[in-house]
Amino acid sequence: MLKNVDLYYFSPTGGTKKVALMFAKGLAKKVNLINLGDKKVLKEPESDLIVVAAPVFGGRIPALVSDKIRTLDAAGKKAVSLVVYGTRAYEDALLELNDALKDIQVQIIASGDFVAQHSIVSEVGKGRPDNKDIEEIKTFAKNVLDKMEDRNNDNDTEKEIKVPGSRPYKTAMKITDTPISTSRCTLCGTCEEACPTGAIYIDGNELTTDLRKCILCMACTYVCPEDARVLPKKLQESDDEMLKPLIGIYRENETFL
Ligand SMILES: Cc1cc2nc3c(=O)[nH]c(=O)nc-3n(C[C@H](O)[C@H](O)[C@H](O)COP(=O)(O)O)c2cc1C
């Protein structure tokens, strides 16, 4: 076990954090959690190994993750990259995350893609990560520790971790609509606080969502204490329809070491 590990994550609805924290706890006694969705400047990592975890949006990682990672002063550190997706596909997301990490000169020693419940259509991948996922996440952590130990013994030339995906990456998802607040909204401000891109403003009795800033991450719907924040009916219905064929499909996790 390592003494400590810094976990950099973005997890608007908790699935990515669940997977990544379980993994990090399998690596180290102490996990420092750094939420990339906070509007704070990133501090230099304390640990020699960092874990970076992002959800998959439209086959990519959210731009705020790659932008924030590129501001991190972590040259020379080792990293494990994780993407968490909702059963459809992760496409270029893991490659994009690894490219951002290479840009800041960290050495990627392992990567993985894991499945969590879909944050727009909860019937897809329902209940994941499940017990089998938990076992796989723990095994992955153990394999990473073993690999680090082997390396310390024989100083092997570092092999590059190859992950699926292609460049140029898939065109970024186009956001045509944002979540809305129903009449149950009490203007409590929880969503405004949670929005990682500052797309929600409350002014007097009015709540506005800026379509140009919204990344449709669902953080606002997840935190709303009144369940008043939802996708517009038309958008929810079209996503339900599009993702319906994936209900009951069990996608396997993958690891690259
Ligand atoms: C806007 C948006 C786009 C998504 N795109 C994909 C996708 O391309 N492929 C996929 O399998 N899941 C996709 N998902 C599902 C998420 O990747 C999945 O639910 C993930 O666990 C969300 O992470 P979180 O729980 O940390 O917010 C998408 C979710 C959202 C909100």
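Bear in mind these aren't lab numbers, they're just calculated from the coordinates by the rules spelled out. Just so we're clear, the structure is a prediction, and the values are computed from it rather than from any experiment. Here the Cβ positions follow ideal geometry from the backbone for every residue, glycine too, while neighbour counts run over all protein chains shown.
Helices (runs of 4 or more DSSP H) fully within the stretch 164-257 that include at least 1 residues being of a type in the set (Gly, Ala, Ser) and over 26 Å from SER81 (Cα atoms): 233-243.
Looking at the structure I just gave you, is GLU123 under 14 Å from the mean Cα position of the chain (by Cα), within 25 Å of ALA219 (Cα to Cα) and more than 9 Å from the ligand (Cβ to nearest atom)?
Values: under 14 Å from the mean Cα position of the chain (by Cα): no; within 25 Å of ALA219 (Cα to Cα): yes; more than 9 Å from the ligand (Cβ to nearest atom): yes.
When the stated conditions are applied, GLU123 does not pass them.
Residues in the stretch 210-230 that are closer than 17 Å to PRO62 by Cβ and either more than 13 Å from the ligand (Cβ to nearest atom) or in contact (Cβ under 8 Å) with a residue 40 or more places away in the chain (or both): 12 in all.
Kindly evaluate PRO196 against the criterion of being without any contact (Cβ under 8 Å) to a residue 24 or more places away in the chain and within 13 Å of the ligand (Cβ to nearest atom). So PRO196 fails the test.
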